[in-house]
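What follows is a set of notes on a single structure, which appears directly below.
Values quoted throughout were computed directly from the atomic coordinates according to the rules given, and no laboratory measurement underlies them. Please read these numbers as outputs of a predicted model, since none were measured by experiment. Here the Cβ is made from the backbone with ideal geometry for all residues, glycine too, and neighbour counts use every protein chain on show.
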Amino acid sequence: MRRVRGRDTRPEIAVRRLLHGHGYRFRLHRKDLPGKPDIFLPRFKTAVFVHGCFWHGHAGCRRAKLPATKAEFWADKIGRNRERDTRTESALAEQGYKTVIVWQCELRDPEAVIERINRAVGRTER
């Protein structure tokens, strides 16, 4: 557990590179926003969260399978993570911010990810 990072993970860095390559400028881990979004697009008032499929319980994903040992502990922990994510999204929406969730498994198709972010912010590719 000590080696599990909370920020600057490989999936997060991949999304940052993807966004930067498509001309987006962003801020990282804004402490003044609910949930400290992994990436914040100030121009579009959009928070981007990069979720690990296991840690945030991505429904229907093979990476989200619970371990056989201590299953109750993990189910409780991941359930709390999902509840926190829901509260964070609601708090951001109340403040007028859009939220985009990028799942770790979605990064296999980076073009689909950038297309979804473009739609969320109302941007058309040049």
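What is the distance in Å between the Cα centroid of region 98-126 and that of region 21-73?
13 Å
Under a 5 Å amide H to amide H cut-off, with H placed in plane at 1.01 Å, what residues pair with His51 once short-range neighbours are removed?
Val102, Trp103, Gln104
Where Lys and Arg each count +1 and Asp and Glu each count -1, what net charge lies around Arg16 among other residues with Cβ under 10 Å from its Cβ?
Working: positive: Arg17; negative: Asp8, Glu12, Asp38.
Result for the local shell: -2.
Using a Förster distance of 41 Å, how high is the FRET efficiency between Val121 and Ala68, based on the Cβ-Cβ distance and rounded to 0.05?
Result of the calculation: an efficiency of 0.50.
How about region 21-99: which trypsin sites (Lys or Arg not before Pro) there lie in a loop by DSSP and see at most 10 other Cβ atoms within 10 Å?
Sparse-neighbourhood loop trypsin sites (Lys or Arg not before Pro): Arg25, Lys31, Lys65.
Please get the size of the charge dipole for region 1-113, origin at its Cα centre, with Cβ charges of +1 on Lys and Arg and -1 on Asp and Glu, quoted in debye to the nearest 20.
440 debye
Using a cut-off of 19 Å between alpha-carbon atoms, which aspartates and glutamates can reach Lys31, once sequence neighbours fewer than 8 places away in the same chain are excluded?
Answer for Lys31, where 19 Å is the Cα cut-off: Asp8, Glu12, Asp85, Glu89, Glu94, listed by chain and number.
Full extension from Arg10 to Thr86: what is 0.36 nm times the residue separation minus their Cα-Cα distance, to one decimal in nm?
Length gained between Arg10 and Thr86: 25.0 nm.
Output ³J(HN,Hα) for region 96-103: one whole-Hz value per residue in order, computed from phi by the Karplus curve 6.51 cos²θ - 1.76 cosθ + 1.60 with θ = phi - 60°, and x for Gly and Pro.
Karplus values, whole Hz, x for Gly and Pro: x, 9, 8, 10, 10, 9, 10, 8.
So what J values fall out for region 6-14 if you push phi through Karplus, 6.51 cos²θ - 1.76 cosθ + 1.60 with θ = phi - 60°, rounded to Hz, Gly and Pro as x?
x, 8, 6, 7, 4, x, 5, 5, 4
Say the dipole of the chain comes from +1 at the beta carbon of Lys and Arg and -1 at that of Asp and Glu; which of Phe40, Ala64, Thr86 then lies farthest toward its positive end?
Phe40
Excluding residues on the same chain fewer than 8 positions from Lys65, give the lysines whose Cα lies under 18 Å from its Cα.
Excluding near neighbours in sequence, the set is Lys77.
How far is helix 110-121 tilted, in degrees, relative to the longest principal axis of the Cα atoms in the chain, given as a value from 0 to 90 rounded to the nearest 10?
The answer is roughly 70 degrees.
In region 10-117, what % of DSSP beta bridges are antiparallel (nearest 5)? Intermediate values should be presented prior to the final figure.
Values: 5 of 11 bridges.
Close to 45 percent.
Using only C-alpha positions, report the orientation-averaged shadow area of the convex hull of region 10-117, nm², one decimal.
Value for region 10-117: 7.1 nm².
Could you run the Karplus curve 6.51 cos²θ - 1.76 cosθ + 1.60 with θ = phi - 60° over region 33-48 and give me ³J(HN,Hα) per residue in whole Hz, x for Gly and Pro?
Here the 3J(HN,Hα) series is 10, x, x, 6, x, 4, 9, 10, 9, x, 4, 9, 6, 10, 9, 10 Hz.
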